[in-house]
Each structure stands twice: as C-alpha cells, then as structure tokens.
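Asks: One structure is given below, represented as structure tokens, and several questions about it will come after.
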Amino acid sequence: MNEKLYQRHFRIINEHVDQALVDMQEGGEKISCGPGCSYCCHLLVEISEDEADALADWFFCQAAKTQQLVWQRLISKSGVLREFFSSRRATQKFITPYPAHIDIPQGVFTRYFSEVAAPCPFLEDGRCVAYEHRPGACRLHMVSSAPELCAPCCDDDSLYHLPPRVEQLRREVLEALPDPEVTVLFGELSILVRAAIEKRLAETHFG
C-alpha cells in the first residue's frame, strides 16, 4: 500500500519528536504534557488540507455513533469559529481555507484563547480520540511547565515554559518537511476537516 502524504509527514515529525524527547530526558528536562491535560486542545489549530484528510480518514473508519458525535461537534465548533473570525475585518479571510503564505497572527490566537477557547471536536473526556491522526501542530506542542499554567486564566506568561529543544525541534521539522505545493490550502482544524468530510460525502452521493 502506498504511503499517503500525511503519513509520510507524520512519520518524519514523529522521528524528530522521539529524538528531541530523548535529548530532553538526557538533559534532565521533562515534558509535562500528558493524558487529561488538554488546555492546548482549546487553541486555534492551523492545519493543511493533507492533515484534514488524515482526520477525515479517521472519521470514516469510526462507528456511526462516534461519527455522529464528532460531526455534531465539528458543526458547532466551525460555527463558533465563523462567528469569531467574522467579528473583525482583518480575520474574515480565515473563515475559508487560505494559501500557505498566509498565517493567522499570534494576536488572534491569544484573543481566541482568552475570549472563546472552545474545545477541539476530537477532544473527549480530556483525551484526543483521533490521537494517531492528530496534525503536526499538535505533535509539536510541548511544554515543561506545570499543566495548570497553560490555562487561559493564568496571567503570568513568565511561568509558562517552552523548552529550547522544542523550539529547535520545530525548526528541524520545517527543514525536514518538503515545502507545500502552491495549490495546498490551510485553515483552522474544524473548518478544514468539516470541508474534507463534506467533500467526500458529496463525492459518494453524486459519484
């Protein structure tokens, strides 16, 4: 079976993450992220169309009950995002998928986390139900500070610690992954995954 593009990308990311974890452990630094710690699952998450396909693949392999629950959460979250992005002219372009050279500004991430912080549709009981298919942004998000310091209500950013080795890891992954094709679109996770699922449903219905 041919390896899909997202599978190749995830394999490359995982290899770099594994080495970074070994390096940090040898350096006496421990990542505090773990099951039940899910503050980062309430952030905006930018993904590519390929990563949306990964989550759509997972979706269509699930039982009907799981599909229904996740679909309802996707509909709800994409509606929340549409309202959030529509609230200001500068962010209206993020309602629909956008090209790779456009990024959601850091200030928008911060405003969303402090004002909205709606959970990821794949978050259930503090865990990611699609963990093996999670996008690169999730795989590369790690801290060594106490989990509670990631909460939106924590005002002291100086206590939040992103290890230098994680910063290095992100640079390594960017260098290791091929540049996206100019035709590849990006977007917020819920918006892009919903679109990927709807596209497949339409192809099934009309194909």
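Read-outs: derived from the displayed coordinates by stated rules, not from any lab. Bear in mind the structure is a predicted one, so any value in this text is a computation, not a measurement. All Cβ positions, glycine included, derive from the backbone under ideal geometry; neighbour counts span all protein chains shown.
Asks: Could you compute the FRET efficiency for residue 66 and residue 37, with r as their C-beta to C-beta distance and R0 at 22 Å, rounded to 0.05?
Replies: 0.45
Asks: For the chain, take the longest principal axis of its alpha carbons; what is the angle in degrees between that and the long axis of helix 189-206, to the nearest 10 within 0 to 90?
Replies: 30
Asks: For the pair residue 29 and residue 2, how long in nm is the line joining their label points, each one 7 Å along Cα→Cβ?
Replies: Spacing of the two 7 Å Cα→Cβ label points: 4.0 nm.
Asks: Still on this model: Can you list the residues, at least 5 places off or on another chain, whose amide H is less than 5 Å from the amide H of residue 185, using H built in the peptide plane?
Replies: Counting only residues 5 or more places away or on other chains, the set is 49.
Asks: Counting helices only, and only those DSSP H runs with n ≥ 4, report the 222 nm mean residue ellipticity of the chain as the sum of -39,500 (n - 2.57) divided by its residues, in deg cm²/dmol to the nearest 500.
Replies: After summing the helix terms and dividing by residue count, I get -16000 deg cm²/dmol.
Asks: Scan (1) 6, 12, 10, 7, 7, 6, 5, 6, 6, 5, 5, 5, 4, 4, 4, 3, 3, 2, 0; (2) 8, 33, 33, 19, 5, 0; (3) 8, 32, 38, 19, 3, 0 for the value of P(r) over Cα pairs in 10 Å bins from 0, in percent calculated from this model and give just the label.
Replies: Here the calculated entry is (3).
Asks: Next question. Straight-line reach only, C-alpha to C-alpha below 29 angstrom: list the lysines that residue 65 could link to, leaving out same-chain residues fewer than 8 apart.
Replies: Within reach: 4, 77, 199.
Asks: Right, next: Quick one: grab the alpha carbon gyration tensor of the stretch 124-179, order the square roots of its eigenvalues as a ≥ b ≥ c, and give me rounded if a/c is under 1.5, else prolate or oblate depending on whether a/b is larger than b/c. Let's see the in-between values first.
Replies: Details: a/c = 2.97, a/b = 1.24, b/c = 2.39.
Cα axes put the stretch 124-179 in the oblate bin.
Asks: Taking residue 93 as the anchor, which aspartates and glutamates have their alpha carbon closer than 15 Å to its alpha carbon, excluding any fewer than eight residues away along the same chain?
Replies: Straight-distance partners of residue 93: 46, 83, 103, 188.
Asks: Which residue fluctuates the most in the chain, going by a Gaussian network model with Cα springs under 10 Å, if the choices are 99, 163, 35?
Replies: Highest fluctuation among the options: 35.
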